[in-house]
Amino acid sequence: MNAPVDVSFFPRAAKPLSSYRKFWAARFGTAPFLPMSRAEMAQLGWDSCDVVLVTGDAYVDHPSFGMAVIGRLLEAQGFRVGIIAQPDWQSAEPFRALGKPNLFWGVTAGNMDSMINRYTADRKIRTDDAYTPGDIGGKRPDRAAIVYSQRCREAFKDVPIILGGIEGSLRRIAHYDYWSDKVRRSIVVDAKCDLLLYGNAERALVEVAHRLSRREPIEHITDVRGTAFVRRSDDDSRLGWFEIDSTDVDVPGTVESHINPYRTTSEQAAGQGSSCANDGAKPLTFMPKPALPQRGGKQTLPPRERTVIRLPSFEAVKSDAVLYAHANRVLHLETNPGNARALVQAHGEGSVARDVWLNPPPIPLTTAEMDQVFGLPYARSPHPGYADANGSHDHATKIPAWEMIRFSVNIMRGCFGGCTFCSITEHEGRIIQSRSEESVIKEIEDIRDKVKGFTGTISDLGGPTANMYRLGCKSPEIEAACRKPSCVFPGICSNLGTDHQPLIDIYRRGRALKGVKKILIGSGVRYDLAVQSPEYVKELVQHHVGGYLKIAPEHTESGPLSKMMKPGMGTYDKFKALFDKYNAESGKKQFLIPYFIAAHPGTSDEDMMNLAIWLKKNGFRADQVQTFYPSPMATATAMYHTDLNPLKGIHRDDRAERVDVVRGERRRRLHKAFLRYHDPNNWPLLRDALKAMGRADLIGNGKHHLIPTFQPMTDGSYTSARRKNSTTVAVKTPRPGQLLSQHTGLPPRVKK
């Protein structure tokens, strides 16, 4: 079957990845694994590396790991690429392990932001790390992208540093930092990198690598989309740009009344409380129109490709919450590759002043380019250096993140949902980039034939969402001009195609392959899209659910849902009706697992109470409780920091929409407690809260009550889905002579 033809305008707007002439080192061929030591380089016949990649993750040669994708892509372009994974950052010596890179350093914190990887939403240190052999925490520093960049500079100070990955991508301008509770500078300034590649960086990386290989100075590479860098005020490369000043919000000034042309001068003066003799009248001065291009007698805007928007400076957004929210709103409005303009933000004042310059987002990859990236010669396993004494990766040295995706296939990237708490759109973009059916089927066959331990079950066919494959705007012109943050909120856009047939075809063809017993869908299903295609829901329920299906309503109440940009529960009810219907038809007993967020901006205590009532009414007992985590650059994080709603516009007066932000340990704990209403450890807190809210009627021992009046003796602990992060408390034992009842609780039976 032929791959579908790309109809978007984007494929016609960029140089194809396959069009570059390969670098001379292509003669060395393909490495079984990218080398991590001098000995491996010697086996390949290399005397040096053209590029050395530094990552906070263990090196797993699999297309779900960013460094493997980047490394294999550069290798396919003819470059010799080495990897330094999870180096000891206490000195620069480990960064010299592969010698001096000929072209540049490539630095990333890893697949996850290092701070989110290290700390819980309550800022407690995690003891595990899914991207490390043995699930051991502490193998990367806090703010790893900055630390690694500093060590690379110490190791070989004259080698350019190119920063990438999600940690750098989400910190490309001044941003609120949840862990220090303050606004930090752009990571371009703090890391002192020469170039930041944000978003999915394949296109920018290939161009930059080839230009550096031709000995072009990196400071001259300022015209590549998807890059950010520092510009001095005297840099000639900034000349020829039209600058739009957006350093402040619009503040209406004094509105002058129009002059009545039928009144005499004396009448006008009398109306203003003056006279002709002293009215201070001045002759009118006509101001010429700005020297901008003219078309059809109408004034036009400067060309977008030569327009830059000046955001409020770092110093301004650090001290003014209104300007921070304003800058965040402008950034999100300039994310469509079809119409986004460059952004610039000043950092510092006086002699140390410099601008952080952001070029427009990268052009999305075509289907052919996606196939090329995912079809590179990945070994699909961790580097042999991580194997145990038996050569296995399945025991003490197991890497949980690899185990999770070991038998899964990524079929697309990007998301047009625009959920304000999520950073996928800011990183991957909202234009869906899909692989061809042939490419996906070939990867399933490769897993079947080459991956050790495969038993016939593909664990997932998905991506950021399970069911956005090949979905997009029906009109290329509208797609290129659209500035909406979401294609599905407050409702599904009439211009959005929602045909799930290509996805259904892949499901059917995949499960018909010889040796494939089952294909499960592990990615979360966007149920508001799924209900547009009942045939897809039927296919999913009857063939691809392994007992439980993940979906994410996130909340039941309109207040927080509007701040999240998520659909209402009416859509959930429609999906559940279809789910139950097709379950009954197939005779299966399968269940929906809904995910909810506690303490999201815009959530009141009453909202959480109503969510808890809904959970109990529907028989749900949430085990995995998600508390809102303010990740850098997300719209919801701007709400958390500023108490303002950037979705509604930013103003300094009463027109600005204020947001109820859940801060403080006690209130955040209360919102989590409502999600886990069934946990006896939470009942004392919930009783106090319900009484204060005037809802003591929810306390009782009947089925219609939320929590009971009695309190069993509990140990005060909470068991997390990630057990190593659970808080354990010593079990309380009754004092001698204490009367034991259902109210005081019974101690656990001591095993003899």
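The values are calculated or read from the model by the stated rules, or taken from the named source; none is laboratory data. No experiment lies behind these values; they were computed from the predicted model shown. All Cβ positions, glycine included, derive from the backbone under ideal geometry; neighbour counts span all protein chains shown. Please note that ligands, DNA and RNA were not included when accessible areas were found on the heavy atoms of the full protein model with its side chains. Shrake-Rupley method; radii C 1.70, N 1.55, O 1.52, S 1.80 Å.
Solvent-accessible area of the chain (1.4 angstrom probe, protein heavy atoms only): carbon and sulfur portion equals 52 percent. Under the criterion of Cα pairs below 8 Å and six or more residues apart, the relative contact order for segment 138-215 equals 30 percent.
A compact globular protein would have a Cα radius of gyration near 2.2 N^0.38 Å; the ratio found for segment 50-138 is 1.17. Candidates Thr457, Gln532, Pro502 compared by Cα position along the dipole of segment 428-583: farthest toward the positive end lies Thr457, with charges placed on Cβ. Scalar couplings 3J(HN,Hα) for segment 560-575, obtained by applying the Karplus form with A = 6.51, B = -1.76, C = 1.60 to θ = phi - 60°, are x, 4, 5, 6, 7, 6, 10, x, x, 6, x, 5, 4, 4, 5, 5 Hz; x denotes Gly and Pro. Distance between the modelled labels on Arg306 and Asn495, one decimal in nanometres: 2.7 nm (7 Å Cα→Cβ projection). Using Cα-only point scatterers and the Debye equation, what is log10 of I(q)/I(0) for segment 311-397 at each q in 0.13, 0.20 Å⁻¹, rounded to two decimals? For segment 311-397 at q = 0.13, 0.20 Å⁻¹, log10 I(q)/I(0) is -0.71, -0.94.
Based on the Kirkwood approach, the hydrodynamic radius assigned to segment 177-256 is 15.9 Å, with every pair of different Cα atoms included.
With contacts taken as Cα pairs under 8 Å at a separation of at least 6 residues, the chain carries a relative contact order of 11 percent. If you look at the Cα atoms of segment 107-166, you get an Rg and a Dmax of 12.9, 40 Å. Charge dipole of the chain (Cα centre as origin; +1 on each Lys and Arg Cβ, -1 on each Asp and Glu Cβ, all else neutral): 1840 debye, rounded to the nearest 20. Residues whose amide H lies under 5 Å from that of Gln626, counting only those 5 or more places away or on a different chain, are Phe596, Ala598; hydrogens are built 1.01 Å from N in the peptide plane. Surface exposure of segment 620-715, expressed per residue as accessible area with a 1.4 Å probe, stands at 46 Å². Taking every C-alpha pair closer than 8 Å and separated by at least 6 residues, the mean separation divided by the residue count of segment 413-490 gives a relative contact order of 41 percent.
Panel values: the chain, Kirkwood radius from alpha carbon pairs, Stokes-Einstein at 37 °C and 0.692 mPa s, translational diffusion coefficient 114 µm²/s.
Just name one of Ala76, Ala121, Pro87: the one whose Cα is farthest towards the positive end of the charge dipole of segment 19-138 (beta-carbon charges, Lys/Arg +1, Asp/Glu -1). Checked the options; the winner is Ala76.
Protection proxy ranking, highest mean first, for peptides 418-425, 694-701, 325-332, 129-136: 325-332, 418-425, 129-136, 694-701, where packing is the per-residue count of other beta-carbon atoms within 10 Å, averaged.
Lys514: which lysines have alpha carbons under 26 Å from its alpha carbon, excluding same-chain residues fewer than 8 sequence positions away? Reachable lysines: Lys442, Lys450, Lys452, Lys538, Lys588.
Charges were assigned to the Cβ only: +1 to each Lys and Arg, -1 to each Asp and Glu. The resulting dipole of segment 22-63 about its Cα centre is roughly 180 debye.
The Asp697 and Lys648 beta-carbon pair, evaluated with R₀ = 56 Å, returns a calculated FRET efficiency of approximately 0.95. Evaluate segment 371-413: find the radius of gyration of its Cα atoms, find its Kirkwood radius, and give the ratio Rg to Rh. Over the Cα atoms of segment 371-413, Rg/Rh equals 1.04. Just so you know, the Rg over Rh for segment 506-625 is 1.02, from Cα atoms, with Rh as the Kirkwood radius.
Working ranking of peptides 220-228, 234-242, 77-85 by packing, defined as the average number of other Cβ atoms within 10 Å per residue, highest first, is 77-85, 220-228, 234-242. With distances taken between every two different alpha-carbon atoms, segment 623-697 has a Kirkwood hydrodynamic radius of 14.5 Å.
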